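Only the coordinates and a few stated rules stand behind these numbers; no lab work does. Note that the structure is predicted; figures quoted are calculated from it, not measured. So basically every Cβ, Gly included, is an ideal-geometry build from the backbone, and we count neighbours across all protein chains shown.
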């Protein structure tokens, strides 16, 4: 990458970060499911704290591991589109994976 390109990349990244984008390391990406598990879990904690609280009460073991393994299984069995549209089910608790209403006009 030449110097001009590096400045351009830095400029784009700074604008993205100013808008809320979180810069992560490539190693943060789970290549099997093409998701940054840390960001996904943060999304769940922010968007669905009540569901997570119920799951914590019902699953005394490693909840984050249970959620991510469940996500992997459901992506394998149902596919990405179905999981995005209908969410996933963890211990009979429905978890939304995306909220699209904000993008509709």
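General remarks:
- The angle between the Cα long axis of helix 63-78 and the main principal axis of the chain comes to about 90°, on a 0 to 90 degree scale.
- Sites residue 18 and residue 47 - FRET efficiency at Förster radius 35 Å, r taken between beta-carbons, to 0.05: 0.95
- Within the chain, helix-based [θ] at 222 nm, where runs of 4 or more DSSP H residues each add -39,500 (n - 2.57), nearest 500: -17500 deg cm²/dmol
- Average Cα contact separation per residue, the chain, under 8 Å, 6 or more apart, as relative contact order %: 18
- Listed values (1) 53, 36, 26; (2) 45, 28, 27; (3) 42, 41, 20 include one computed from this model; for Cα extents along the principal axes in Å that value carries the label (1).
- Region 9-41 versus region 66-97: alpha-carbon centroid distance in Å: 21
- In the chain, the longest principal axis of the Cα atoms and the axis of helix 37-47 are about 70 degrees apart.
- Here region 34-72 is scanned for amide nitrogen atoms under 12 Å from the site 7 Å beyond the Cα of residue 91 along Cα-to-Cβ, giving 51-67.
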